[in-house]
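The block underneath contains the structure these notes are about, expressed in structure tokens.
Every number in this text was worked out from the coordinates using simple rules, so none of it is lab data. Here the structure is a predicted model, which means the values were calculated and not measured. So basically every Cβ, Gly included, is an ideal-geometry build from the backbone, and we count neighbours across all protein chains shown.
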Amino acid sequence: MDTLKKTSQQAISAAYPAMRPRRLRRTETLRRMVREIILTPDDFIYPLFVRPGKDIRKPIASMPGQYQFSVDTLVTEIKDAASLGIPAVVLFGIPDEKDACGHDNSNPNGIVPTAIRAIKDAVPEMIVISDMCFCEYTNHGHCGIINTPGDTHYTPNLPEGYLLNDATLDILGEASVVHAQAGADIIAPSGMIDGMVGAIRGALDVNGFDHISIMSYAAKYASGFYGPFRDAAESPPQFGDRSQYQMDPANKREALKEIALDVAEGADMLMVKPAMPYLDILAAMRAEYDLPTAAYQVSGEYAMLHAAAANGWLDLPRCALESLTSIKRAGADMILTYFAKDAVRWLNG
Ligand code: PBG
């Protein structure tokens, strides 16, 4: 009797908790039952680099397991991704020809339109997203037309070297129509040019592509985490950096303003980039807007995990899946990730 009394007193005493969350963590089955976030192949968008040529599968040194593909090997890679249930890819072109205005981005026989046609031919259900930016196509590596004396677009009252906003909007619209004609399902403007969503929406609509959607890189930061990508896409800026158009990592209110503008201009989906260092921005965007959200786990995030794993400091599958889970938990409906194929394999055990 005495013992029983003591036990029930203990149960309600402040020293022993009445609520015990650990009860639901006791076995893997219980944990599975109460799990809030579950990754599936539908969450992933697989970024791929494509260049002219044949039978090319050139490893990218700073991104283990990632390659520059020619169109033929790209199609094989995409069939593989499709067989794993990955619904979408985003394409980055590495053209042979670069010039001051990035003309090859608007060439119907350029590398990305050619790749899109081949993908749509071989795997028609695969959603093809075209990253819409000029940095891979310009010889100076900036994301549009640069104010240069002697050039047709030269504007004397703007500083030399300044990225010309509105001239760039015109060529963004033009190139987007070319990519849509080739069969792109989604145009994803990534240059942080003011008015890019509206300009592309307008150009698509007047050319009969009102059914093609826009995934805007709405809050894209001037990030050091893009380092490996610039090797992969052979697109580092030849002078200066991108902080006159990409956002300052210190700013959050400004991100919400950028997002509001893109929503007003007709964006169908909103992206934050990079992902892990900007989960607060992603969560704020999720809380304020109802449009589908995406986050881009960028090249540097991928490279960091690989580098640590190669040193034996981190368990790659565990940490990669933990990162992807965190990005989804913070509010991403879709994650652009170089881990797409690996993640599906790891999830399938
Ligand atoms: C611009 C673009 C970049 C990335 C995606 N689109 C590079 C940049 O803005 O410098 C980076 C993606 C990554 O780091 O994985 N076309």
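Taking every C-alpha pair closer than 8 Å and separated by at least 6 residues, the mean separation divided by the residue count of segment 37-154 gives a relative contact order of 26 percent.
Legend: ranking of residues Glu174, Glu28 from fewest to most surrounding C-beta atoms inside 10 Å; resulting order Glu28, Glu174. Taking 0.36 nm per residue of separation and subtracting the Cα-Cα distance, full extension of the segment from Lys58 to Lys252 would add 66.0 nm. In this structure the amide hydrogen of Leu314, modeled in the peptide plane, comes within under 5 Å of the amide hydrogens of Ala309, none closer than 5 places in sequence on its chain. The angle between the Cα long axis of helix 253-265 and the main principal axis of the chain comes to about 60°, on a 0 to 90 degree scale.
Cα-based Rg of segment 204-345 per 2.2 N^0.38 Å, rounded to two decimals?
1.12
Placing pseudo-labels 7 Å out from each Cα toward the beta carbon at Ala260 and Asp290 gives an inter-label distance of 1.9 nm. Note on Asp194 and Asp96: with the Förster distance fixed at 30 Å, the Cβ-Cβ geometry gives a FRET efficiency of about 0.45. Remark: C-alpha extents of segment 52-201 on the principal axes read 54, 33, 24 Å, sorted largest to smallest.
What does the extension gain come out to for His211 and Ile37, with contour length at 0.36 nm per residue minus their alpha carbon separation? Separation in residues times 0.36 nm, less the Cα-Cα distance, equals 59.5 nm. Annotation for Ala310 and Asp342: the two label points, set 7 Å from Cα along the Cα-Cβ direction, are 1.1 nm apart.
Modelled this way, with points 7 Å down the Cα-to-C-beta line, the labels at Glu234 and Ala122 are 2.1 nm from one another.
Mean separation of Cα pairs under 8 Å and 6 or more residues apart, divided by the residue count, gives the chain a relative contact order of 17 percent. Remark: Thr40, Thr337 ranked as Thr40, Thr337, counting other beta-carbon atoms within 10 Å and listing the fewest first.
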